[in-house]
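The values are calculated or read from the model by the stated rules, or taken from the named source; none is laboratory data. Predicted model only: the values in this text are computed from it and were never measured. Cβ coordinates were reconstructed from backbone atoms using ideal geometry, including for glycine residues, and neighbour counts include every protein chain displayed. All accessible areas refer to the heavy atoms of the entire protein, side chains included, with ligands and DNA or RNA removed. Shrake-Rupley method; radii C 1.70, N 1.55, O 1.52, S 1.80 Å.
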Amino acid sequence: MKKTAILIMIMLCSVIALGCIGTDTDTKTDDNVNDSATPEVHSGTLTILHAGSLSIPFAKLEEVFEAAHPGIDVQCEAAGSAATIRKVTELHKEADVVASADYSLIPSMMYPEYADWYLQFARNQIVLAYTEKSKYADEINASNWYEILRRDDVRFGFSNPNDDPCGYRSQMTIQLAEAHYGDDMIYEDLIEANSAMAMVYDAANGTYTLNMPASESIDPSAKLMVRSMEMELIAGLDAQEIDYYFIYRSVAEQHGQSFLELPVEIDLSSVTYADTYRTVQVVQANGNLVTGKPVVYGITVPMNARDPEMGLEFVKLVVSPEGQQIFVDLGQPPIVPAVGSGEVPEGVRGTVEMG
Amino acid sequence: MQTLTPKHDRMLTVFLLFGLVILAFILTPLLYMVFGQLISNRSGLIEAVNDSAVIKSILLTMYTALAATTIAFVFGVPLAYFLARRDFPGKGIVESIIDIPIIIPHTVAGIALLTVFGSHGMIGDPLSSIVRFRDALPGVVVAMLFVSVPFLINSAREGFQSVDPRLENVARSLGASSWDAFRRVTVPLSARHILVGSILCWARAMSEFGAVIVIAYYPMIAPTLIYERYISYGLSASSPVAVLLIVICLVVFIVLRMISAGWRRYDRE
């Protein structure tokens, strides 16, 4: 009897989950009007959808925000950046704040129907993370890492470039390494020889185009571990399934992993090298073209927000000195002041620089 | 079982009304998805049917789930019989262990499996020269087996419990060996339970996503492909694949249910 009850419970839960996905149709409510009519009443939940790599800083921000607004229950939901935005644009999920690991996804995927402004608020850099159990961990450094990754007994991972900005950025970093170290076989040896991903060099423009096959056809060899999100790669590293993986510095730091800082010319961290980064572009399976640029996070309040005013309050906290300190403490440099673009609301315009 | 007559069984009518609510609850999203697809985006469905990656992933899903069910059958049915026939201290604990895969989050199951079956894992390491689990077919099967085997064991055990041990004893007293008695008396009488358990096990294996993507993102099974299509191209690209999977599964399940209904005559009543 008990068994059947459990079974029924599980089936129910899965049906509920399915129902949420299947039936969330266009719910263009006029809640916004109601909210602006009664600005004083602020209680209930604030839904925040964010990139997986923001999980830990946003959990801290949630605490601070809830302390300042006792009536509000902040609910943070992490996913890959593209998945995060699709929750709003495809599933019509009402979100009060959306934060992406690549600010450019906001204009390209959400404009004009779901958002008309964003702030660039934090940076990150691509590092090579490992543990003390990783092979050759004692000899790896910024000048030999690609030689070590080439070794037959070393395995490494990155997230799926079709799904996750960290994934396509890792590809860019590996390609940029060729010019930096003067070794034009790095991308070929590490990636092309082990998967169906391919690079095309355009001599006329001096640009490298990395073409991503459909996710089901990436076909990684045993040397590579590709996953949709970094969470599964962390499991792979812990299980010694891989020795190294490309990840944001902040994530490696927050998970207590060792990491190798790569040269600034290839780690996508510096605005100074924007021209260098621009020489690499990735074409995702869906045809979307991403050009190399510094890692900059973006945040906005989507147009379907239930409580846009409180959403904006949260954004203000993110770009405030207090919020910025949280990012500093967690190894992720904030952009000071944040840079705004589009129809940035009055309430936050004073604290940002318009780009 | 009686056919429903509108006579005067008020209770059954009330029960039916409650039941219809839950039935509508299950059907609405599924029908919404299937018919929404047929009406608004039939070309997408045709594209999915003609997409070799989609068909390959669906066939792969059915195949790996069948492999998982076969393993579950070979090792699960004997355990189910043992549990149905013998009492021993700690039996409750064993039965709870069997249910653990139903209870734990599947991502956690995937991580645990990767730790054990990975190339440095307790099982994966000694086997690493023969078989690879991570991002390989055996990994998919292992993840599916882990989450689906409880359904087969529990159903088979209920089946064996419904067979009166005295029937086996009669067969034994007439000269049958215990193997014969099991094969010719117990199995036919509990066959429907075992089949239903196998169907549930197979179905659960086919739908697994969370545990599979941790240990074996490749080769890509249908649930992973649906997720990937959704992330890369959006709902309009993923829902045709989902609808196709729903329709194929539905047909297979209806056929299997019909077969198992035919086996009802072996039931104790």
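Each listed q (0.18, 0.25 Å⁻¹) maps to a log10 I(q)/I(0) for the range B:121-200 from the Debye sum over equal C-alpha point scatterers, namely -0.77, -1.05. The orientation-averaged projected area of the convex hull spanned by the Cα atoms of the range A:208-309 comes to 9.8 nm². Using the alpha carbons alone, the radius of gyration of the range B:1-142 stands to its Kirkwood radius in an Rg to Rh ratio of 1.11. For the range A:181-266, the pair-distance distribution built from all alpha carbon pairs, in bins 5 Å wide starting at 0, is 3, 11, 18, 21, 21, 17, 8, 2, 1 percent.
Annotation: Cα Rg of chain A relative to the compact-globule expectation 2.2 N^0.38 Å equals 1.05. Taken per residue, the accessible surface of the range B:144-238 reaches 36 Å², heavy atoms only and a 1.4 Å probe.
Here the Debye sum runs over all C-alpha atoms of the range B:1-82 as equal scatterers in vacuum, and log10 of I(q)/I(0) at q = 0.11, 0.20 Å⁻¹ comes out as -0.72, -0.92.
Based on alpha-carbon atoms, the Kirkwood radius and the radius of gyration of the protein assembly as shown give Rg/Rh equal to 1.02. Here the Kirkwood formula puts the hydrodynamic radius of the range A:281-344 at 14.1 Å, using every distinct Cα pair. Rg and Dmax, both from the Cα atoms of the range A:115-162 and both in Å, are 16.1, 49.
Kirkwood's formula applied to the C-alpha pairs of the range B:158-257 gives a hydrodynamic radius of 16.8 angstrom. Residues of the range A:113-153 falling in the label zone of A:Thr291, defined by backbone nitrogen less than 19 Å from a point 7 Å along Cα to beta-carbon, are A:120.
The B-A contact accounts for approximately 3600 Å² of buried accessible area, totalled over both chains at a 1.4 Å probe radius. Under the membrane-span-like helix rule (DSSP H runs whose alpha carbons stretch at least 27 Å along the helix axis, mean Kyte-Doolittle hydropathy -0.5 or higher), chain B yields B:10-40, B:52-85, B:137-161, B:187-206, B:235-262. The GNM of chain B, with springs linking C-alpha atoms under 10 angstrom apart, assigns the highest mean-square fluctuation among B:Pro101, B:Pro223, B:Pro29 to B:Pro29. With all protein chains in place and a 1.4 Å probe, the accessible surface of chain B carries 70 percent carbon and sulfur. Residues of the range B:193-222 that lose at least 10 Å² of accessible area (1.4 Å probe, protein heavy atoms only) when the other protein chains are present, relative to their chain alone, are B:Leu200, B:Ile213, B:Val214, B:Tyr217, B:Tyr218, B:Met220. When both the range A:306-320 and the range B:124-146 are represented by their alpha-carbon centers, they are found 47 Å apart.
Exposed loop trypsin sites (Lys or Arg not before Pro) only (DSSP loop, at most 15 other Cβ atoms within 10 Å): please give the longest stretch of chain B free of them, not including the sites. It works out to B:87-267. Evaluated over the Cα positions of chain B, the convex hull gives a direction-averaged projected area, one quarter of its surface, of 19.5 nm².
Here the sum of -39500 (n - 2.57) over DSSP H runs of 4 or more residues, divided by the residues of the protein assembly as shown, equals -16500 deg cm²/dmol at 222 nm, to the nearest 500. Projected onto its three principal axes, the C-alpha set of the range A:126-213 covers 42, 30, 22 Å, listed from the longest axis down.
Applying the criteria of a DSSP loop state and at most 12 other Cβ atoms within 10 Å to the trypsin sites (Lys or Arg not before Pro) of the range A:86-154 yields A:Lys133, A:Arg151.
Taken along its three principal axes, the alpha carbon spread of the range B:85-226 comes to 53, 33, 28 Å, from the longest extent down to the shortest. Among the GluC sites (Glu not before Pro) in the range A:312-349, those placed in a DSSP loop whose Cβ has at most 14 other Cβ atoms within 10 Å are A:Glu343.
A crude spin-label estimate for the pair B:Asp87 and B:Lys56, with each label 7 Å from Cα along the Cβ direction, gives 5.6 nm.
Expressed as a whole percent, the accessible surface of the range A:216-312 that belongs to carbon and sulfur atoms is 49, based on a 1.4 Å probe. With contacts taken as Cα pairs under 8 Å at a separation of at least 6 residues, chain B carries a relative contact order of 26 percent.
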